[in-house]
Amino acid sequence: MTDGNHEQGRDNGEGGGHENLPGRQRRRFPGISSRAYEHPADRSALVALRKLSGFDTVFKALSGLLPERSLRLLFLSDSVRVSDEQFAHLNSMLRDACYILDLEKVPAMYVTQDPKPNAMCIGLDEPIIVVTTGLVELLDEEEMRAVVGHEVGHALSGHSVYRTILLFLTSLALKVAWIPLGNIAIMAIITALREWFRKSELSADRAGLLVGQDLQASMRGLMKIAGGNHLHEMNVDAFLKQAEEYEAGGDLRDSVLKILNVLPRSHPFTTVRAAELKKWSESREYQRIMDGHYPRRDEDKDTSVTDSFKESAAHYADTVKTSKDPLMKLVGDIAGGAGDLGGKLRDKFTGGSGAGRGGSGGNGSGA
């Protein structure tokens with residue numbers, strides 16, 4: 001087991017030593033597997049995606065056709081490549097993040113002019129990290145460190161391949177939208193990819209926390225992405241209460257609207273990400289990683305697919321059991337064998353109390 005200390009001046013294998021290390025020591029995780037921080041929903045959604053009819057064919061075809069060299073040349077020619085000479089503070093964060101997560105090859109990183117705060121990790125053969133000027137100008141050093149760790153987490157998990165295909169298919173869908181029925185198959189795969197990618201963001205948020213090791217900085221960054229650079233006007237506890245209100249509020253109609261609202265998005269809602277990350281930071285799983293007990297990459301080949309399925313199933317069962325969302329409560333009732341399903345659905349959608357239909361308590365507050 002590692003002693004966990006971040007060693008000053010240690011070479012990370014590319015680009016020399018860490019001349020500009022952070023002012024405090026951070027624990028590092030030699031040989032850490034992405035399984036250590038991957039959200040169960042990320043893994044199960046990826047399995048479901050790979051089983052989608054036609055996905056393997058599309059994936060193999062696009063892997064050979066996507067203009068990756070063109071993509072790299074585009075960023076090389078029209079963005080600023082992070083290095084010791086350009087955006088040196090970002091370069092230091094990038095190398096530090098790779099050192100902490102033990103990613104041997106440091107990905108190329110670019111800053112591109114765009115006022116919208118955003119970052120992404122793309123690429124088929126080798127990942128590329130891209131951050132916008134809007135994000136660089138919005139976040140302070142520790143907040144940005146969590147974002148860089150987030151993107152390095154995507155790289156370590158191999159998410160960049162599917163993200164690149166998602167971007168390409170989204171662009172393609174716009175071009176063939178005028179062809180009758182030509183867009184349906186593409187949109188089915190795009191929808192599945194988006195569902196997976198939203199879950200992968202929860203995994204990458206965890207990786208960002210492992211790199212930054214500062215929960216408050218991660219929370220501040222998410223708040224700024226949601227509300228801009230007005231921290232003096234915002235409060236972490238109040239922000240997290242929004243997530244609780246979002247999850248628990250309304251009836252089944254609101255639950256359906258939530259699903260419709262999130263479908264076109266590539267990222268989960270910001271308050272939800274904050275709540276998920278805080279919950280994980282308080283878990284035994286996170287503490288074990290910080291104590292140096294975590295899955296190793298050299299053990300990945302021995303990982304049981306069945307165990308991964310069981311873990312994902314257990315996660316979903318727990319989500320349904322503990323969720324305050326009306327739809328999830330109804331699913332729990334159905335799974336638990338609750339009677340009068342038709343009556344429950346009718347009450348949920350119409351707001352009825354169930355009085356006069358033979359029940360003594362209607363649908364109650366716990367339905």
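The values are calculated or read from the model by the stated rules, or taken from the named source; none is laboratory data. Note that this is a predicted model, so its numbers are computed, not measured. Glycine gets a Cβ as well: all are built from the backbone with ideal geometry, and neighbour counts include every protein chain shown. Side chains included, ligands, DNA and RNA excluded: accessible areas come from the protein's heavy atoms. Shrake-Rupley method; radii C 1.70, N 1.55, O 1.52, S 1.80 Å.
The residue that is surrounded by the most Cβ atoms within 10 Å (Cβ to Cβ), counting only those in the range 274-290 that are assigned to a helix (DSSP H, G or I) and out of contact with any helix residue (DSSP H, G or I) (no Cβ under 6 Å at 6 or more places or on another chain), is K278.
All of (1) aliphatic (A, V, I, L, M); (2) open to solvent by less than 20 Å² (accessible area, probe 1.4 Å); (3) assigned to a helix (DSSP H, G or I) hold for L74 with one exception: (2). Elements of the type helices (runs of 4 or more DSSP H) sitting completely within the range 127-180 and holding at least 3 residues that are open to solvent by 10 Å² or more (accessible area, probe 1.4 Å) and at pLDDT 95 or above: these cover 133-138, 141-157. Could you tell me whether any residue of the range 84-106 is open to solvent by 20 Å² or more (accessible area, probe 1.4 Å), over 24 Å from the mean Cα position of the chain (by Cα), among the small types (G, A, S) and modelled with pLDDT of 85 or more? Yes; the residues of the range 84-106 include at least one that is open to solvent by 20 Å² or more (accessible area, probe 1.4 Å), over 24 Å from the mean Cα position of the chain (by Cα), among the small types (G, A, S) and modelled with pLDDT of 85 or more. Of all the listed residues (H293, H232, H267), the sole one being open to solvent by 40 Å² or more (accessible area, probe 1.4 Å), outside any helix (DSSP H, G or I) and either at pLDDT 95 or above or not charged (D, E, K, R) (or both) is H293.
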